[in-house]
Amino acid sequence: MFKKYFLFLFLFSLISLSYGQLITEQEDLREITEEINLSSPYYTTLTFFYNLEEANFHPDKAAEALNLKGVKSQNGDNLSVKLKQIFEGKGVIIRTSEIPNEQDFRDTTAGFDQIYYFDKSKLPGIFLEKIGSQWKFSAFTVGQINSLHTETYPFGTAKLLDLLPKIGNEEYLGFHLWQLVGLLVLIFVVFLSHLLFTFLVDKGLLYILKRFGYGYIGEHYLLPVARITSFYLIVLLLALFLPVLQLPTGIWAWIIVIINTLKPFLITVIFYKIVDVIAAYFSKLAERTESTLDDQLVPLIRKSLKAFVIIIGTLFVLKEGLDLDIIPFLTGLSIGGVAIALAAQDTIKNFFGSIMIFLDRPFQVGDWITSGDLDGTVEEVGFRSTRVRTFRNSVMYIPNGKVADATIDNHGLRQYRRFYSTITITYDTPPDLVEEFVKGLREIVLSHPNTRKDTFHVYFNNLSSFSLDIMFYIFFEVPTWAEELRCRHEVLIKIMKLANALGVRFAFPTQTVHMESFPEKKSQSPVYDQDVKNYQAKLSQFMQQELRKKEN
């Protein structure tokens with residue numbers, strides 16, 4: 001639907017524009033007589049174009065305005081016609097009110113030489129120069145006519161300039177018959193090309209992609225790019241054949257602006273769509289990696305590339321399409337950029353901080369990090385800030401500039417999670433029982449499926465004021481804190497069961513007053529078995545009942 005509206009509006013603009021004279025806004029051609037006047041740039045211009053009008057076609061007189069000196073075997077009449085066609089094909093409007101009417105005119109922008117340029121941007125190689133007392137198109141200009149004519153009408157379209165007028169010069173609606181026929185043929189070719197390209201893309205390309213299993217990518221990513229490309233090819237087709245119609249200069253000048261604007265605009269849209277294709281490719285690569293930070297990086301890359309495409313595309317539209325001088329704009333933008341940078345230096349710092357986070361990857365989404373007062377799980381890394389979910393279920397937003405400069409303790413990157421505890425038992429525990437209890441603790445560590453087996457420390461290592469201290473220093477090989485808590489629970493339950501099985505009592509800060517025991521009252525201190533074999537038997541029974549029951 002968008003294509004049809006686009007083509008309709010564009011073709012309607014060709015017909016609806018107001019008509020004007022070929023090269024001038026004033027009726028100055030009436031000043032030209034049968035005589036050839038080359039006394040100034042003004043009269044040379046009028047003489048040249050007046051003698052190439054349909055009602056007064058004298059190319060031999062127009063050729064008098066060309067400096068043919070040194071040009072061998074060249075037909076001046078043919079060169080003058082080609083030069084006029086170059087002006088028309090380039091859409092250069094010559095306003096006689098702007099042409100100097102001074103015999104000794106000097107161009108202040110060209111070293112005060114006696115030359116005159118019609119349009120330095122579109123036709124930098126075509127200019128008048130004073131030869132003696134006459135102003136003529138320079139020898140350099142004459143030498144460039146054939147090459148400029150081929151450039152203006154490429155791919156053999158110049159032959160149509162001779163063939164189309166033979167259809168008929170009758171005028172209808174302000175157009176010659178051959179122009180109307182050519183316009184209708186061009187419209188037919190445009191729609192035919194559109195239908196052909198649509199068939200090749202929608203049917204051919206999409207069918208091939210579906211055969212190879214890329215139907216979704218083709219339909220949602222490549223097909224939009226191909227459709228915009230079809231618009232661009234249509235514009236190129238119009239730019240190639242419209243000059244052949246020799247439309248009035250006033251109309252053709254506006255058409256050139258439209259075409260030159262559409263070219264960079266459509267290219268910008270094409271690259272804008274291609275960014276989605278690139279982002280989809282990077283998304284697939286990010287899915288293959290274990291890091292979740294890549295998933296956050298892809299949207300940022302997509303937004304950055306789209307912003308870059310829009311900025312560059314806008315500059316090309318202004319420069320190539322609207323023919324505006326963007327140098328002052330860029331200069332002002334750079335000065336304004338300095339002012340903005342000074343005013344928004346914190347924002348810029350945060351932006352580069354986010355870049356450093358993505359490059360260094362100190363953490364990724366889902367990691368538990370600690371830095372000063374910051375303690376929580378990373379949820380999102382943006383351009384400006386990082387969002388962290390605390391264990392209070394609140395959300396903290398930390399500027400990336402501060403995150404990049406801070407010391408980050410990333411608990412999420414731990415391969416092993418340390419668990420350290422001091423197990424305190426009472427002083428009246430016999431040494432043999434302590435030894436067996438320590439052996440049982442080690443067996444608990446070795447039998448647990450989520451503990452590190454190559455490095456752990458379980459030793460009786462201290463005599464405290466109220467207890468015998470056993471160091472219990474182990475590592476869990478688990479990915480999350482929740483898994484760590486589960487493993488701690490399992491290990492501690494096993495330790496309590498082991499203590500109950502062996503008769504080991506845990507100590508706590510107490511003061512014991514020892515009194516002589518009376519015959520009628522038993523002492524509060526437990527009576528331990530002095531035979532170590534009994535402790536070994538109890539430990540063996542515990543291991544059989546508790547530690548190995550999961551294996552069965």
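The values are calculated or read from the model by the stated rules, or taken from the named source; none is laboratory data. Worth saying up front: this structure is predicted, and the values here are computed from it rather than measured. Positions of Cβ are generated from backbone atoms using ideal geometry, with glycine treated the same way; all protein chains shown enter the neighbour counts. For the accessible areas, the whole protein counts, side chains as well, though only heavy atoms, and no ligand, DNA or RNA atoms are used. Shrake-Rupley method; radii C 1.70, N 1.55, O 1.52, S 1.80 Å.
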| field | Long-range neighbours under 6 Å by Cβ, at least six apart or interchain, first residue more than 17 Å from Lys84 (Cα to Cα) within the stretch 115-127, second in a strand (DSSP E or B) and open to solvent by 40 Å² or more (accessible area, probe 1.4 Å) | value | Ile115/Glu129
| said: Residues to consider are Leu245, Leu206; find the one that is in contact with a helix residue (DSSP H, G or I) (Cβ under 6 Å, 6 or more places away or on another chain) and over 27 Å from Pro154 (Cα atoms). | reply: Leu206
| note | Just one listed residue, out of Ser371, Ser354, is at pLDDT 80 or above and surrounded by 14 or more Cβ atoms within 10 Å (Cβ to Cβ), and it is Ser371
| said: Would you confirm, using the coordinates I've provided, whether Phe466 is of a type outside the set (Lys, Arg) and surrounded by fewer than 16 Cβ atoms within 10 Å (Cβ to Cβ)? | reply: yes
| said: For the stretch 260-270, give me the residue count where each residue is modelled with pLDDT under 90 and open to solvent by 40 Å² or more (accessible area, probe 1.4 Å). | reply: 2
| task | Hey, could you check the stretch 225-257 for residues that are over 20 Å from Val189 (Cα atoms) and at pLDDT 80 or above and say which is farthest from the chain's Cα centre (by Cα)? | result | Trp254
| Count - residues of the stretch 472-488 that are part of a loop (DSSP other than H, G, I, E, B) and touching an Asp or Glu at 6+ places or on another chain (Cβ under 8 Å) | 1
| field | Selected residue (only one of Ile444, Ile470, Ile423 is in contact (Cβ under 8 Å) with a residue 60 or more places away in the chain, in contact with a strand residue (DSSP E or B) (Cβ under 6 Å, 6 or more places away or on another chain), over 25 Å from Asp367 (Cα atoms) and not hydroxyl-bearing (Ser, Thr, Tyr)) | value | Ile423
| message | For the stretch 229-256, give me the residue count where each residue is touching a residue at least 60 places away in the same chain (Cβ under 8 Å) and open to solvent by 50 Å² or more (accessible area, probe 1.4 Å). | response | 2
| note | Expected single match for open to solvent by less than 10 Å² (accessible area, probe 1.4 Å) and small (Gly, Ala, Ser) among Ala65, Ala55 is Ala65
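Of the residues that sit in the stretch 389-417 and are of a type in the set (A, V, I, L, M) and closer than 30 Å to Val491 by Cβ, which one is most open to solvent (accessible area, probe 1.4 Å)?
Per the criteria, the residue is Leu413.
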| Wholly enclosed strands (runs of 3 or more DSSP E) of the stretch 61-174 bearing at least 3 residues at pLDDT below 85 and not small (Gly, Ala, Ser) | none
| field | Search result, residues across the stretch 181-224 that are under 25 Å from the mean Cα position of the chain (by Cα), open to solvent by 30 Å² or more (accessible area, probe 1.4 Å) and of a type outside the set (A, V, I, L, M) | value | Tyr214, Tyr216, Glu219, His220, Tyr221, Pro224
| What number of residues in the stretch 146-162 are among the β-branched types (Val, Ile, Thr) and either open to solvent by 60 Å² or more (accessible area, probe 1.4 Å) or over 27 Å from Leu186 (Cα atoms) (or both)? | 1
| query | With respect to the numbered conditions (1) aliphatic (A, V, I, L, M); (2) within 30 Å of Val532 (Cβ to Cβ); (3) without any contact (Cβ under 8 Å) to a residue 60 or more places away in the chain, which one is the sole condition not fulfilled by Ile408? | reply | (2)
| task | Could you figure out which of (1) surrounded by fewer than 18 Cβ atoms within 10 Å (Cβ to Cβ); (2) not in a strand (DSSP E or B) isn't true of Tyr420? | result | (2)
